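Before I ask anything, here is the structure I am working with.
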């Protein structure tokens, strides 16, 4: 299956939306007390970072339009490979603030993509 930039952006967007849905209106204290929520949010952030890592390989110029794109992919690697050193407060901060900003950027990018590529839907 050929990977397309718009498909990778859609995967990242879906994961970011899910992370925010799983987090809901939890406070930091509630998040830290809920292992299941932590796991769900972390997994969705990992999926988003993985999709954007794929976008970086597929279309570096498009990926370059994502603010802090390299940091997002690096954070995905922390989630996937350095779990023992993971700071759950940092994850919460990213999920509650940075994820929504990233979501807005990706939605705009997707909307500007040509229809024939499958983009421009949202």
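What does the helix-only formula give at 222 nm for the chain: each DSSP H stretch with n ≥ 4 adding -39500 (n - 2.57), the total divided by the residues, and the result rounded to the nearest 500 deg cm²/dmol?
Counting only the DSSP helices, I get -21500 deg cm²/dmol.
Residues of region 3-35 with amide nitrogen under 11 Å from the 7 Å Cα-to-Cβ point of residue 57?
Backbone N within reach: 3.
Now a separate question. Could you work out how far helix 69-81 tilts from the main Cα principal axis of the chain, as a 0 to 90 degree angle to the nearest 10?
50
With a point put 7 Å past each Cα toward its Cβ, work out how far residue 34 is from residue 17 in nm, to one decimal.
2.0
Do you know the relative contact order of the chain, to the nearest whole percent, from alpha carbon pairs under 8 angstrom that are 6+ apart?
33
So, one more: Mind ordering 48-54, 86-92 by average Cβ neighbours within 10 Å, highest first?
By packing density, highest mean first, the sequence is 48-54, 86-92.
If you take the square roots of the eigenvalues of the alpha-carbon gyration tensor of the chain and sort them as a ≥ b ≥ c, do you get rounded (a/c under 1.5), prolate (a/b over b/c) or oblate?
Here the chain falls in the prolate category.
Still on this structure: Helix 99-111 versus the longest principal axis of the chain: what angle, 0 to 90°, nearest 10, using Cα atoms?
Tilt of helix 99-111: around 10 degrees.
Here, each number is a calculation from the coordinates, and none is a lab measurement. Just so it is clear, the structure is predicted and the values come from calculations on it, not from any experiment. FYI the Cβ positions are ideal-geometry reconstructions off the backbone, even for glycines, and counts take in every protein chain you see.
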